[in-house]
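Asks: Take a look at the following structure, please.
Throughout, read-outs are computed from the coordinates displayed, never taken from laboratory work. Since we're looking at a predicted model, the values are computed, not measured. All Cβ positions, even for glycine, are placed from backbone atoms using ideal geometry, and neighbour counts span all protein chains on display.
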Amino acid sequence: MKQTEPDFWVLEYVTITKDPLTDLVVAIGGTEQAADILQRTGGFLSAPGPRGDYHRLPHGLPVEQQRLKATAASHALLAAGHSVHLDPTLNMLVAPDGKREAALRYLAGLAERAAAATTSSEVAEVLTEVAALVHGLLPLAREVVVRAWIAASDFPGAAPAGEPDPIARLGSTATSMSEAARSILHARNHAARPTQRLATASPPPSRAQPAESRRR
């Protein structure tokens, strides 16, 4: 019996997300029925795009209004039988501190992994999560400190006379965080190095010469 592939109506799938360049909430895909629901329930507007029409919310909406309309439209689409992907940042039903709780659980999990490590490679995996160059926790935290330092430098206010400016010291703090990340990565590389066991080679057995050859 010949097996056939299932038919997927890809164009009926609706994705509701926020465009990072314009901060507009856009809805891509869907049928005419989905378009009607987007317009009636969420207040989306039809707009021409390079690959066909799409829908978006009006310009200038506050973030909470964007989330409310996107959530309402996505649930109306689901109730009508459409497949929908809603960007989690637009979902009003997600707890506001959900990301923070997830981050805390992630950090607690890393600590448990480090405590339960039984090999150096497992330790290296944890240290990689902490100090990886791009997505490591420490480099990401340093980026937060640097951005806060730049933002706070524009605010008026000075430290009391004779005391160092704590905002100005954020720059050196960020540098220290970079050095700490490099130190952790160095330790990570050492831990990730495979253990080399030098085998003690036993000397080859001596070959005794035949008695006749010795007599020769």
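Asks: Under 18 Å from a label point 7 Å along Cα→Cβ of residue 104: give me every residue in segment 110-152 with its amide N that close.
Replies: 110-112
Asks: Determine, for each peptide in 31-39, 100-108, the mean count of other beta carbons within 10 angstrom over its residues, then list the peptides with the highest first. Don't skip to the end; give the middle numbers.
Replies: Numbers: 31-39: 17.2, 100-108: 10.8.
Ranked by mean Cβ neighbours within 10 Å, highest first: 31-39, 100-108.
Asks: Mind checking the dipole of segment 32-113: about its Cα centre, +1 per Lys or Arg Cβ, -1 per Asp or Glu Cβ, Debye to the nearest 20?
Replies: Details: 9 positive and 8 negative charges, 34 e Å.
In total the dipole reaches around 160 debye.
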